[in-house]
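The values are calculated or read from the model by the stated rules, or taken from the named source; none is laboratory data. Just so we're clear, the structure is a prediction, and the values are computed from it rather than from any experiment. Cβ placement follows ideal geometry from the backbone for every residue including glycine, while neighbour counts extend to all protein chains displayed. For accessibility, only protein heavy atoms count, side chains too; no ligands or nucleic acids. Shrake-Rupley method; radii C 1.70, N 1.55, O 1.52, S 1.80 Å.
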Amino acid sequence: MNAKPKILIVDDRPENLIALEKVLGDLDVEFVRALSGNEALAQTLEHDFAIALVDVQMPEMDGFETVEFMRQDKRTRHLPVIFVSAIYKEEYHQIRGIESGAVDFITKPVIPEIMRGKVRIFLDLYEYQQSLEDEIARRLQYEEALRESEEQYRDLFENASDLIQSVNINGDFEYVNSAWLGELGYDSGEVGQLKFVDIVAPDELDHCMTLFQEIVNGKQFENVETKFVAKDGRLIHVEGSVGARLKDGQFYASRGIFRDITERKRIEEKQRELDQMKSEFISNVSHELRTPLHSLKGFTKLMLQDTMSDKDVQKEFLGIMNKEADRLGDLIEDLLDVSRLEAGRFKIHKERVSVAEIMHDAVERLRNLAAEANIVMIEEISDELPEMEIDSKRIGQVMTNLVSNAIKYNKENGSVAVKGELRDNEVLVQVADQGIGIAEADIPHLFERFYRVEASDRIEGTGLGLHITQQIVEAHSGSIWIESQLGVGSIFTFKLPVHQNGGSAHE
Ligand code: ADP
């Protein structure tokens with residue numbers, strides 16, 4: 001609440017001061033008395049006055065001198081003064097600095113109505129001035145609060161990790177935040193030259209333009225998904241909310257707050273591929289299991305017939321059944337290996353063995369399979385290959401897988417060459433075929449679980465062999481790679497360090 005305005009009354013006679021207070025008794029003001037010019041000046045240091053009523057004729061310092069001093073002080077330079085005097089008012093023009101404040105003049109004897117009227121005018125002025133000052137202070141405070149809140153919002157927008165943008169009806173950017181600039185790779189100068197359509201992926205343009213039109217018509221959308229194109233051409237998947245910014249109830253610009261979901265999309269896509277691969281795998285596995293099972297069932301039926309008495313035929317059938325049982329066993333082993341790998345329970349048991357022997361055994365194991373397909377097997381295994389600390393069963397499995405693939409994915413009358421040589425401190429093993437070859441795009445995926453090249457769909461398989469192969473080679477601190485040309489053939493090469501380090505188990 002505002003305090004009452006104060007009036008300074010100056011007169012060397014106390015009875016005059018009392019009389020003045022009486023005359024002005026109706027006013028809602030506080031009086032401060034001074035019996036001399038000096039006392040008056042001292043009071044101005046203590047209080048803020050609305051008006052000073054100053055007697056002109058006083059001993060020592062008269063009223064004019066007192067006001068002259070007041071005019072020299074910043075606080076009282078503009079203090080309205082009413083001189084009370086018996087002499088002519090023309091004299092007050094002599095006072096220096098008089099023009100800097102409102103001044104009036106009342107002659108004695110004071111006529112109460114005139115005195116009250118003049119004081120009221122000055123009081124009204126004072127109150128008006130006070131209310132102006134209050135208003136200015138309020139506005140300054142409001143502006144400061146507004147500036148602070150704007151700063152806060154700017155800070156929030158600028159430091160948000162979301163991409164924030166605002167686009168006007170012409171497709172120009174009204175605002176983009178730092179995260180937006182960082183993600184799309186533009187600087188703020190370049191954004192001024194950009195149009196919204198420049199950053200929308202071409203296949204999303206229709207969708208975005210339809211949305212924009214609906215936003216102009218006042219609609220809001222949550223969980224909108226679209227794609228932006230960064231300056232370097234990178235596609236950015238985004239999800240967010242869009243709506244309109246209004247000015248006087250009219251569309252002014254669109255507002256979009258987006259999250260970058262590129263990584264999430266990538267993972268979802270990967271998961272989808274994996275799911276698809278898994279379902280293909282299940283159908284492949286079922287097929288792989290069913291074929292030998294059918295065969296086993298068929299031969300068992302034949303063997304059970306009473307007419308089956310020829311020992312040689314029986315032996316031949318049993319041989320086939322044994323092979324089919326092996327096929328089933330191998331397949332189940334592959335499945336178990338993958339499940340062990342995933343559970344981190346895949347173990348390697350190293351012992352000192354000859355790599356050359358392992359390679360040769362694999363070729364021998366598969367010689368019949370090659371012969372059935374009229375495929376020539378070539379062995380070029382160097383005598384220099386040393387004995388090594390490796391898991392013979394697992395490296396044998398690698399060889400079997402590579403050589404059987406080279407036969408499976410070969411061409412009629414093709415060949416498979418198995419080479420082994422010592423280079424520096426590494427054993428280099430190569431299985432080359434003249435088969436169907438592999439497209440460049442498929443090569444990086446071949447070691448993934450369940451991955452099968454579409455073209456090899458007609459050939460039985462599960463897409464597990466190469467995955468297991470790579471894991472075994474890496475568990476021996478080795479590496480494996482593929483060189484291939486579609487329609488010409490493939491070379492699978494792996495190398496193992498002669499001096500194996502580490503323990504005998506691979507997690
Ligand atoms: P599978 O042979 O059981 O399908 P693999 O993991 O051994 O599984 O091989 C994965 C895929 O790699 C195969 O399906 C095939 O498409 C391709 N592939 C493997 N070896 C060869 C090869 N020598 N020539 C052409 N393609 C091959």
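Things worth noting here:
- Those strands (runs of 3 or more DSSP E) of region 1-78 in which at least 2 residues are of a type in the set (D, E, K, R) and either open to solvent by 50 Å² or more (accessible area, probe 1.4 Å) or without any contact (Cβ under 8 Å) to a residue 40 or more places away in the chain (or both), considering only elements entirely within it, cover 30-34.
- Residue list for region 329-371, filter: open to solvent by 30 Å² or more (accessible area, probe 1.4 Å), in a helix (DSSP H, G or I) and over 30 Å from ASP383 (Cβ atoms): GLY329, ASP330, ILE332, GLU333, ASP334, LEU335, LEU336, SER339, ARG340, LEU341, GLU342, ALA343
- Filtered by the rule that a residue be in contact with a helix residue (DSSP H, G or I) (Cβ under 7 Å, 6 or more places away or on another chain) and within 18 Å of ARG259 (Cβ to Cβ), region 168-184 gives VAL176, ASN177, SER178, LEU181, LEU184.
- Within region 427-440, if we keep just the residues that are near the ligand (Cβ under 8 Å from one of its atoms) and free of Cβ contacts under 8 Å to residues at least 60 places away in the same chain, the residue that is farthest from LYS270 (Cα to Cα) turns out to be ASP433.
- If you go through region 264-298 and keep only what is exposed (fewer than 14 other Cβ atoms within 10 Å of the Cβ) and more than 37 Å from the chain's Cα centre (by Cα), you end up with ILE282, SER283, SER286, HIS287, ARG290, HIS294, LYS297.
- Given (1) at pLDDT 95 or above; (2) in a helix (DSSP H, G or I); (3) of a type in the set (Gly, Ala, Ser), index of the condition ALA417 fails: (2)
- MET377 vs. criteria modelled with pLDDT of 95 or more, within 15 Å of the ligand (Cβ to nearest atom) and either open to solvent by 20 Å² or more (accessible area, probe 1.4 Å) or in a loop (DSSP other than H, G, I, E, B) (or both): yes
- With respect to the conditions (1) among the charged types (D, E, K, R); (2) within 23 Å of the chain's Cα centre (by Cα); (3) in a strand (DSSP E or B), ARG245 falls short on a single one, namely (2).
- Residues in region 299-317 that are of a type in the set (A, V, I, L, M) and surrounded by 12 or more Cβ atoms within 10 Å (Cβ to Cβ) were compared, and the one that is farthest from the ligand (Cβ to nearest atom) is MET308.
- Hits in region 236-263 (condition: within 24 Å of GLU158 (Cα to Cα) and open to solvent by 80 Å² or more (accessible area, probe 1.4 Å)): ARG245, LEU246, LYS247, ARG259, GLU263
- Matching residues in region 486-507 - criterion: being modelled with pLDDT of 95 or more and open to solvent by less than 40 Å² (accessible area, probe 1.4 Å): GLY489, SER490, PHE492, THR493, PHE494, LEU496, PRO497
- Failed item, numbered, when GLU483 is tested on (1) open to solvent by less than 40 Å² (accessible area, probe 1.4 Å); (2) more than 7 Å from the ligand (Cβ to nearest atom); (3) without any contact (Cβ under 8 Å) to a residue 40 or more places away in the chain: (1)
Table: residues versus (1) within 30 Å of GLY63 (Cα to Cα); (2) touching an Asp or Glu at 6+ places or on another chain (Cβ under 6 Å).
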| position | (1), (2) |
| --- | --- |
| PHE105 | yes, no |
| LYS108 | yes, no |
| ALA137 | no, no |
| ASP155 | no, no |
| LEU163 | no, yes |
| SER178 | no, yes |
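- Pair list, Cβ under 7 Å, 6 or more apart: region 398-426 residue more than 16 Å from the ligand (Cβ to nearest atom), other residue among the basic types (Lys, Arg): GLU426/LYS495
- Of all residue pairs spaced 6 or more apart or on separate chains, those with beta-carbon atoms under 7 Å, a first member in region 441-454 that is free of Cβ contacts under 8 Å to residues at least 12 places away in the same chain and a second member that is hydroxyl-bearing (Ser, Thr, Tyr) are HIS445/TYR451.
- Any chance SER382 is open to solvent by less than 40 Å² (accessible area, probe 1.4 Å) and within 16 Å of the ligand (Cβ to nearest atom): no
- Residues (within 11 Å of the ligand (Cβ to nearest atom), over 36 Å from the mean Cα position of the chain (by Cα) and β-branched (Val, Ile, Thr)) located in region 446-480: ILE459, THR462, ILE468, THR469
- If you check GLU143, GLU158, GLU135, GLU151 for being charged (D, E, K, R), modelled with pLDDT under 90 and part of a helix (DSSP H, G or I), only one passes: GLU158.
- Residue within region 106-118 that is in a loop (DSSP other than H, G, I, E, B), at pLDDT below 95 and touching a helix residue (DSSP H, G or I) at 6+ places or on another chain (Cβ under 8 Å) present: yes
- Residue-level check: of (1) in contact (Cβ under 8 Å) with a residue 12 or more places away in the chain; (2) surrounded by 15 or more Cβ atoms within 10 Å (Cβ to Cβ), ALA325 misses just (2).
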